[in-house]
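Written below as structure tokens is the structure these notes are about.
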Amino acid sequence: MTQRISPRLVLPLAGLTVALLPLACGGAPSAEEQTPAAEVGEPVTEEAHETEEPREEAAAEAKLSEPHRVWLDVDPAIGLEGGEVDDGLFLLQSFHSPELSIAGVSVVFGNTSLENAVPIAEALVARFGPAGLQVHPGAASAEQLGVPTAATAAMADALAESPLTLLAVGPVTNAATLVLEHPELHQQIERIVVVAGRREGQSFRAGTRDVAPFRDFNFELDPQAMQVLLDTEIPLVMAPWEVSSHVWIRGADLVDLAARSEAGAWAAGAVQSWVERWARDLGTDGFTPFDTLAAGYVTHPHLIEGFEGRAWIWEDLDDTQPETGVTKPYLYVDPNDDGGRRVTYLFQPHPDFQPLLLDRIAGAPASVPPGDPAP
Ligand SMILES: [Ca+2]
């Protein structure tokens with residue numbers, strides 16, 4: 001069932017400004033149908049909400065185990081007018097997670113140009129990151145798949161030192177170039193967590209406006225790079241739109257965040273134009289913080305339910321413009337499919353994840369009731 005993707009399918013979007021990018025999973029909102037937020041996603045099991053053990057289990061696990069050594073590969077656009085904010089929140093969340101030991105940060109094109117994204121990552125690391133953490137520029141477009149960069153060199157050096165988990169929360173061009181260039185290091189990569197994928201037939205919808213479903217942004221910007229990862233035996237975890245569609249950061253959460261800490265206040269301010277964009281384009285109060293589910297799975301696996309399934313890439317009618325007859329590649333995952341490649345597919349966060357995420361973004365638990373004014 002695996003289908004190789006031809007070069008013509010790579011979408012030449014890297015040069016567009018963020019204001020021109022349609023909204024998409026892991027990226028920005030796009031255009032056409034209407035579904036209340038409560039209906040987003042495939043039917044999901046409700047049992048995950050009924051157990052109270054996961055948070056306690058996760059806390060016990062965090063205390064007992066050594067920090068997970070991770071590498072963060074991001075495409076941040078937070079702070080740009082209308083720019084996607086989830087990579088920025090993902091970085092704050094990671095900096096404030098004692099379960100993680102961050103070996104390095106690299107940057108890839110995606111939500112904005114590499115040129116825009118690198119200084120955003122550098123500023124976030126300098127202000128809120130651990131001392132000494134370095135930021136390494138990677139691919140500026142999908143055309144650079146297979147071209148070594150400062151990012152892939154630094155990742156290779158870190159992997160040669162000791163194994164790590166790669167959190168690749170933008171287009172996976174940097175990750176794919178790393179594995180193409182360094183087959184000797186595959187065994188050192190404990191797993192790669194990506195923000196991409198869907199079940200067959202699933203449409204990415206949110207909000208009440210009559211707009212098209214989200215694109216599978218990270219995947220669609222470089223499907224060939226995803227194929228490279230699928231062709232390896234490195235464990236792959238998918239934190240797709242489906243799992244993030246159940247987590248919302250609302251306006252009231254931002255008031256709460258702003259009151260907690262310097263980082264919380266910065267985040268609350270930096271996401272404002274993104275919140276306004278979702279309200280305007282999708283009719284929502286708040287947004288889903290896609291990339292944060294990837295880090296959450298590493299820090300608190302008990303809070304995010306997944307299944308082992310098979311993944312493959314398939315060409316099908318573009319659901320964002322079905323009237324045109326145009327096709328596009330899809331990254332499908334199916335728990336029952338025997339073809340394709342084995343992956344872990346995340347689909348259901350525990351309700352405790354959202355308050356935990358706010359704690360981690362702020363670097364502090366809630367100390368004042370939500371709704372109180374920021375200091
Ligand atoms: Ca991202």
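No lab work stands behind these numbers, since they all come straight from the coordinates. These figures come from a predicted structure and were not determined experimentally. Using ideal geometry, Cβ is built from the backbone for each residue, glycine included, and neighbour counts are taken over all protein chains shown.
Per-residue 3J(HN,Hα) values for the stretch 219-235, derived from phi via the Karplus relation 6.51 cos²θ - 1.76 cosθ + 1.60 with θ = phi - 60°, read 5, 5, 6, 7, x, 5, 5, 5, 4, 4, 5, 5, 7, 8, 9, 5, x Hz in sequence order (x marks Gly and Pro). Computed from backbone phi with θ = phi - 60° and the Karplus coefficients 6.51, -1.76 and 1.60, the 3J(HN,Hα) list for the stretch 278-292 is 5, 4, 6, 7, 10, x, 9, 9, x, 8, 9, x, 2, 5, 5 Hz; x is used for glycine and proline.
Would you list 94, 203 from fewest to most Cβ contacts within 10 Å? Show your work: numbers first, answer last.
Numbers: 94 28, 203 16.
Ranking 94, 203 by Cβ neighbours within 10 Å, fewest first, gives 203, 94.
Protection proxy ranking of 105-116, 240-251, by the mean of other Cβ atoms within 10 Å over each peptide's residues and highest first, is 105-116, 240-251.
For the peptides 228-234, 171-177, the ranking by packing is 171-177, 228-234, with the highest mean count of neighbouring Cβ atoms within 10 Å listed first.
Highest mean first, the peptides 306-313, 148-155, 184-191 sorted by other C-beta atoms within 10 Å per residue fall in the order 148-155, 306-313, 184-191.
How high is the relative contact order of the stretch 234-375, given as a whole-number percent (alpha carbon pairs under 8 Å, six or more residues apart)?
On the way: 234 pairs, mean separation 55.0, N = 142.
Result for the stretch 234-375 is 39 percent.
Amide H to amide H, with H built 1.01 Å from N, residue 190 comes under 5 Å of 164, 165, 166, counting only residues 5 or more places away or on other chains.
Amide H contacts under 5 Å for residue 340: 2, restricted to partners 5 or more places along the chain or on a different chain, H placed in the peptide plane at 1.01 Å from N.
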